[in-house]
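The structure appears right after this line, and notes come after that.
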Amino acid sequence: MNLHTFPILVTERLTLRKLSKKDSEEILQLRSNPEINKFLDRKPSKTLEDALNFINAIIENDALFYWAITKTGEDKLIGTICLFDFLDDLKKCEIGYELLTEYHSQGIMIEAVSKVLEYAINTHKLKMIDAQTHKDNHGSTKLLQKLNFKKLDDIIENNPNLVLFRLTT
């Protein structure tokens, strides 16, 4: 899988582009927001330096696709979406996403996820895409179900609060 040519994806309202160091303030907002982080098992970012360290780690990792979600015509990051944990032999990966709270409930994430799924399936011929979400994250659960992900009974190792969803193409 060639992850070196980074694709820019465009939808009706959104442009999904490569993450860059100039996104540090918005990444700090995303990764320090208690509302967003309450469903994620990660250490919140506290400083711009934390955000920049995260961005540098993403930029240096060529085993994943990590897009900044922006409104077309604007460069400001409003969320992120990524494909990671590629298993070539199984034609499988995992998807993750987050959105600044002021952009929730506007159909932005379903638009972004739909485009990324289309890319993953058509370009990389993936047959399975997994998503993990917290059992209390009803917005994410609803989004995955709208996109035909099926809830699996698999237990997520070390975290009984997570639920596994899978899209099979």
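The values are calculated or read from the model by the stated rules, or taken from the named source; none is laboratory data. Given the structure is predicted, the values throughout are model-derived calculations rather than measurements. Here Cβ is always computed from backbone atoms with ideal geometry, including for glycine, and neighbour counts include all displayed protein chains.
Name the residues in the range 122-153 that are assigned to a loop (DSSP other than H, G, I, E, B) and either among the acidic types (Asp, Glu) or surrounded by fewer than 16 Cβ atoms within 10 Å (Cβ to Cβ) (or both), would you? Across the range 122-153, the qualifying residues are LYS125, LYS127, LYS135, ASP136, ASN148, LEU152, ASP153. Taking the criterion of being assigned to a loop (DSSP other than H, G, I, E, B) and under 18 Å from ARG42 (Cα atoms), the residues of the range 155-169 that qualify are ILE156, GLU157, ASN158, ASN159, PRO160, ASN161.
Residues that are in a loop (DSSP other than H, G, I, E, B), touching a Ser or Thr at 6+ places or on another chain (Cβ under 9 Å) and not polar (S, T, N, Q) do occur in the range 21-40, at least one of them. Among the residues making up the range 35-50, a single one is crowded, with 16+ Cβ neighbours inside 10 Å and either modelled with pLDDT of 95 or more or over 15 Å from GLU98 (Cα atoms) (or both): ASP50. Does the range 73-86 contain at least one residue that is out of contact with any Gly (no Cβ under 9 Å at 6 or more places or on another chain), modelled with pLDDT under 95 and in a helix (DSSP H, G or I)? Within the range 73-86 (the criterion being out of contact with any Gly (no Cβ under 9 Å at 6 or more places or on another chain), modelled with pLDDT under 95 and in a helix (DSSP H, G or I)), the answer is no, since none of the residues qualifies. Which residues, taken from the range 87-100, are loosely packed, with under 13 Cβ neighbours inside 10 Å and either in a strand (DSSP E or B) or in contact (Cβ under 8 Å) with a residue 40 or more places away in the chain (or both)? The answer is LEU87, ASP88. Would you call GLU118 acidic (Asp, Glu), closer than 30 Å to LYS22 by Cα and exposed (fewer than 13 other Cβ atoms within 10 Å of the Cβ)? Yes; evaluated as a whole, the condition is true for this residue.
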